[in-house]
Amino acid sequence: MPKSQTRTQSLASTISQSTAEISKYLVTEGLPDLSFAAEAPSILILPPHLQIARAELLSATSELHDLIKGPLGYLIGLTSPTHNILASLHFINRYQIALKIKLDEEISYEALAQECDVQVNDIRRLLRLAIAFHVFEEKSNGLIGHSAVSRCMIDMPLVNSWIGHFCDEVWPAASKTVEALSTWPVSEEPNETAFALTNSSNQSLFESLQQAPANAERFTNGMKFLQSAPEFSVSHLLKDLQWETENSPKRLVDIGGADGSIATAILRQFPTMTAVVQDLPNVIETATVAQDLEGRLEFRNHDMFSQQTVEDVDVYFLRSTLHDWSDKYCIAILRNLIPALKNGAKIIVNDVCMPEPNVLSPSQNQLLRLAHPQFSIVTYTLTH
Ligand SMILES: C[S@@+](CC[C@H](N)C(=O)[O-])C[C@H]1O[C@@H](n2cnc3c(N)ncnc32)[C@H](O)[C@@H]1O
């Protein structure tokens with residue numbers, strides 16, 4: 001980098017180079033330009049050789065955007081009412097507005113208000129806020145239709161479960177984080193959290209879900225949706241499970257395995273393996289075995305805070321399960337496996353690791369640091 005180049009110039013050239021690489025790929029492959037128009041593809045799939053360009057572009061655009069505001073402008077930006085976009089998404093989710101607008105249709109705020117049985121001024125205000133963030137489009141004055149973003153809520157129904165869980169259960173709890181930390185400064189208990197304060201319930205998230213079947217199903221579907229995000233795709237796990245097909249473990253138990261979608265993917269990759277998915281009763285009762293896995297996959301009620309009951313197992317598997325619990329409870333979950341462990345049995349933990357600062361790119365770092373309090377202090381357990 002020439003010495004005379006400023007940081008902003010350096011970021012701008014990264015942006016220019018990475019954009020050129022990605023645009024060249026789109027043009028060469030005859031793919032549509034990037035857009036939020038309703039007909040645009042919902043997911044931007046780039047080949048592995050462009051993943052670095054994409055990560056650099058995200059980091060550089062984000063840093064340049066922040067820098068150019070100046071430190072005070074940036075700070076005020078953090079406190080500016082961007083959280084209100086969540087109020088708008090909450091409203092859209094509560095009234096399932098995306099599903100009330102057909103693709104290729106334009107509808108007036110008045111007609112939509114009538115269908116949702118809400119005030120027209122409220123729906124106009126909240127949808128225009130969403131539109132400012134690419135959710136829906138106001139094509140001609142007063143008529144709204146889908147954008148590529150709102151269309152995701154039709155094409156991928158599970159995204160609505162994630163948004164509903166996030167807006168009803170996670171977001172309100174986030175505002176109680178500081179209060180929870182001062183109320184229970186050293187707690188490791190799952191019912192001493194921001195979530196418990198929000199609900200004045202003295203209950204953990206999972207206890208509360210057990211008493212609210214619709215919310216529990218929404219949570220499970222929300223988790224399933226997350227797996228469809230490229231970052232959480234089961235394909236990363238399958239790539240890392242480098243077992244030879246004929247020498248793969250014979251039997252696996254997926255603890256906290258929810259609807260079994262991960263176990264299903266593992267069994268399809270390793271055809272000689274069988275699996276048991278364990279979870280709480282409210283989760284197990286709605287789970288079903290795919291036709292091609294009948295006889296190989298089984299669901300069982302099991303509370304992981306009691307001793308493991310399935311023995312003669314090669315792999316006990318925990319994906320995104322330990323991150324919901326403080327160290328004290330993670331230790332209890334793992335100790336409960338000990339009596340069942342046969343010689344050579346393995347425990348595989350497939351979860352998010354929090355790296356030291358300055359290891360990841362700034363945008364990846366922001367993403368992980370934003371997710372961390374949700375796991376550790378907002379909805380689950382206070383950990384330090
Ligand atoms: C964040 S979800 C992860 C689900 C799944 N492993 C995945 O990767 O998508 C955590 C799971 O742990 C389950 N769980 C919570 N408490 C449990 C308990 N005491 N015993 C067994 N499972 C539990 C929840 O019902 C939920 O399905």
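The table for this structure:
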{"quantity": "Hits in segment 200-235 - residues which are of a type in the set (S, T, N, Q), in a helix (DSSP H, G or I) and touching a residue at least 24 places away in the same chain (Cβ under 8 Å)", "calculated": "GLN210, ASN215, THR220, ASN221, GLN227, SER228"}
{"quantity": "Search result, residues across segment 286-330 that are of a type in the set (Phe, Trp, Tyr) and within 12 Å of the ligand (Cβ to nearest atom)", "calculated": "PHE299, PHE305, PHE317, TRP325, TYR329"}
{"quantity": "Every residue from segment 23-61 that is in contact (Cβ under 8 Å) with a residue 12 or more places away in the chain, in a helix (DSSP H, G or I) and over 24 Å from SER150 (Cβ atoms)", "calculated": "TYR25, LEU50, ALA53, ALA55, GLU56, LEU57, SER59, ALA60"}
{"quantity": "Checklist (1) in contact with an Asp or Glu (Cβ under 8 Å, 6 or more places away or on another chain); (2) surrounded by fewer than 16 Cβ atoms within 10 Å (Cβ to Cβ); (3) under 29 Å from MET153 (Cβ atoms) applied to GLU231, failing item", "calculated": "(1)"}
{"quantity": "Selected residue (only one of SER233, SER204 is of a type outside the set (D, E, K, R), out of contact with any His (no Cβ under 9 Å at 6 or more places or on another chain) and more than 9 Å from the ligand (Cβ to nearest atom))", "calculated": "SER233"}
{"quantity": "Hits in segment 327-362 (condition: under 20 Å from MET223 (Cβ atoms) and of a type in the set (S, T, N, Q))", "calculated": "ASN350"}
{"quantity": "Residue that is surrounded by 19 or more Cβ atoms within 10 Å (Cβ to Cβ) and under 25 Å from PRO172 (Cα atoms), where the choices are LEU99, LEU89, LEU112", "calculated": "LEU89"}
{"quantity": "Which listed residue is exposed (fewer than 12 other Cβ atoms within 10 Å of the Cβ), at pLDDT below 95 and not basic (Lys, Arg), from LEU322, LEU360, LEU382, LEU370", "calculated": "LEU370"}
{"quantity": "Pair list, Cβ < 8 Å and 6+ apart or interchain, from segment 65-79 residues that are in a helix (DSSP H, G or I) to residues that are among the β-branched types (Val, Ile, Thr)", "calculated": "LEU67/THR8"}
{"quantity": "Hits in segment 132-163 - residues which are in a helix (DSSP H, G or I) and farther than 18 Å from ASN84 by Cβ", "calculated": "ALA148, ARG151, CYS152, MET153, ILE154, ASP155, LEU158, VAL159, ASN160, SER161, TRP162"}
{"quantity": "Tally of residues being at pLDDT below 95 and more than 16 Å from the ligand (Cβ to nearest atom) across segment 271-285", "calculated": "2"}
{"quantity": "Residues located in segment 247-293, provided they are in a helix (DSSP H, G or I), touching a residue at least 24 places away in the same chain (Cβ under 8 Å) and aliphatic (A, V, I, L, M)", "calculated": "ILE262, ALA263, ALA265, ILE266, LEU267, VAL283, LEU293"}
{"quantity": "Residue satisfying all of: in segment 236-259; within 9 Å of the ligand (Cβ to nearest atom) and of a type outside the set (A, V, I, L, M); farthest from the chain's Cα centre (by Cα) among these", "calculated": "ASP254"}
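Matching residues to (1) at pLDDT below 95; (2) among the aromatic types (Phe, Trp, Tyr); (3) buried (at least 21 other Cβ atoms within 10 Å of the Cβ); (4) within 16 Å of the ligand (Cβ to nearest atom):
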| site | (1), (2), (3), (4) |
| --- | --- |
| SER150 | no, no, yes, no |
| SER182 | yes, no, no, no |
| LEU197 | yes, no, no, no |
| GLN211 | yes, no, no, yes |
| GLU217 | yes, no, no, yes |
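The values are calculated or read from the model by the stated rules, or taken from the named source; none is laboratory data. Keep in mind that this is a model prediction, so the values were computed, not measured. When we count neighbours, we look across all protein chains shown, and the Cβ atoms used for this are built from the backbone with ideal geometry, even at glycine.
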